[in-house]
Amino acid sequence: MSRANWGSRLGFILAASGSAVGLGAIWKFPYVAGKNGGGVFLLAYLACVFTVGIALLLAEMVIGRAANRSATTAFRDLKGGLWPWAGRLSVLCIFIVMAYYSVVGGWVIAYIGKSITGEALGQDTKALGAAFTHFIADPASSLFYTALFLGVTVAVVLGGVQKGIERMSKVLMPALFLLMLVLIARSLTLPGALEGVRYFLTPDFSKLTSAMVVDALGLAFFSLSLGMGIIISYGSYVEKETNLAGATLWISILATLASVLAGFMVLPAVFAFGVDPAAGPGLTFITMPAIFAQMPFGQAWAIAFFLLLLFAALTSSVSIVEPIVSYFIDEFGWKRQSAAYITTVAVFIASIPAALSFGPMAKSKLFGRTAFDLMDYATSNIMMPAGGILVAVFAGWIIWPRIHSELLSNGGGHWIPAFRGICAIVAPIMIGVIWVHNL
Ligand code: PHE
């Protein structure tokens, strides 16, 4: 089978960072950092990204390129045995991720509408919080917007417009970063904002708990799209000449930059407006509208922000749905269209409990968590790190000679022993210790 390649190294970096930069950075990072003590969480997050995160990103890319196949098939072709199960596990994981990602993507679509009508903006964060809570509790609109986000994602996957999306991301991603800079400027100049900066930048080590470190590790995986085979399938389209180490560095820097910028955008405003930093998943949706209300042409800024956020979310959600669809095509020989429709219906059914978690099913809990929280926790904090251990062991031990020669043919580097050390020893031990400690 001959496979298409990315048009250029830039195209590959854009696609992989498009997958990485999304709701994870802008919706999830600020509220998880807010909940976990700010500065100390930032430190733990950066520590996870720039050790285990960056090494696994490279490992997944190299596995993908060596096999020239997507995850499950790559594991089978390179080693076989039980290894293809690592690929199947990752398909299950991204399936669950998509089910609750669609719910949050739906909130973004709804907030575009609310920005156009002006309803989303307001001075009073108590009222904004109440409006958000009221909105996500409504079962009919939650399901409607979840389906809409899922529908748009699948339309992109089926419409063959992914190349077009990548081209657009060359313009729209920088636009999102620039817009964030403007919003940061507004957020930082609010009276009382410095308290938020201090919260975000000064680590308070009394807040260092194992649950916090598990959250940091989980968010590192989530925000880099790691541990789910996504980067493996992206890597399979990279040409042999592309320097993967350089690309890895770029992608991790862009993804962390987006998270850190989102922190600087949201947390100072949280303190300026007297919102509880531990308010949870609504944090970005409550504070941003209050920032817009403090800006000239606030409504226009709001529309631009939620539109760009939707675009960033779509470049991520497409990267989640595509591997599920190709799994059914590659493994079972389904037609692309039927695979896409069946995936959509299945994801939608799985998303129903997540969409209802803030309303009718708010009290239905398993392990003390709502369906939404449980899906989030089980994927980010358990399945992705588990996938990470498998990739690390696979690259660092099982097929190391292959990985090594792949890296050498790519120019090599003094960092190769460090890379192997992280894959073979540091990553499995670090993830294992963090988990055990948390139990
Ligand atoms: N990294 C994406 C984000 O931060 C989410 C994602 C998770 C994408 C898992 C692919 C796989 O929004």
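Structure above, values below:
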| item | result |
| --- | --- |
| Cβ-derived FRET efficiency at R0 51 Å, D77 paired with Q299, nearest 0.05 | 0.45 |
| Average Cα contact separation per residue, the stretch 9-438, under 8 Å, 6 or more apart, as relative contact order % | 36 |
| The chain, dipole about Cα centre (Lys/Arg Cβ +1, Asp/Glu Cβ -1), debye to the nearest 20 | 500 |
| Rounded if a/c under 1.5, otherwise prolate or oblate - the stretch 313-428, Cα gyration tensor axes | oblate |
| Cα gyration tensor category, rounded, prolate or oblate, for the stretch 133-197 with a/c compared to 1.5 | oblate |
| Residue-normalised accessible area of the stretch 240-305, given per residue in Å² at a 1.4 Å probe | 33 |
| Ranked packing of 291-301, 92-102, 221-231, 254-264, most packed first, by mean Cβ within 10 Å | 221-231, 92-102, 254-264, 291-301 |
| Distance between the stretch 385-399 and the stretch 120-192 - C-alpha centres, whole angstrom | 34 |
| Cα gyration tensor category, rounded, prolate or oblate, for the stretch 370-439 with a/c compared to 1.5 | prolate |
| Chain lengthening between R198 and R402 when straightened (0.36 nm per residue, less Cα-Cα) | 68.8 nm |
| Length gained when the stretch A155-L249 is fully extended (0.36 nm per residue, less Cα-Cα span) | 30.7 nm |
| Extension gain, F332 back to S364 (0.36 nm per residue minus Cα-Cα distance, nm) | 7.9 nm |
| Ranked by how many other beta carbons lie within 10 Å on average, peptides 433-439, 388-394 from highest | 388-394, 433-439 |
| The stretch 9-438, accessible surface, carbon-and-sulfur percent (1.4 angstrom probe) | 70 |
| Normalised alpha carbon radius of gyration of the stretch 1-155 [divisor 2.2 N^0.38 Å] | 1.33 |
| Longest site-free stretch - the chain; sites: trypsin sites (Lys or Arg not before Pro), DSSP loop, at most 12 other Cβ within 10 Å | 4-239 |
| For the stretch 9-438, alpha-carbon Rg relative to the globular expectation (2.2 N^0.38 Å, N residues) | 0.94 |
| Per residue, in Å², the accessible surface of the stretch 1-129 once ligands and nucleic acids are set aside, probe 1.4 Å | 30 |
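The values are calculated or read from the model by the stated rules, or taken from the named source; none is laboratory data. This one's a predicted model, so the numbers in the text were calculated from it and none came from an experiment. We place every Cβ from the backbone using ideal geometry, glycine too, and count neighbours over all the protein chains shown. Areas reflect the complete protein model, heavy atoms only, side chains present, ligands, DNA and RNA absent. Shrake-Rupley method; radii C 1.70, N 1.55, O 1.52, S 1.80 Å.
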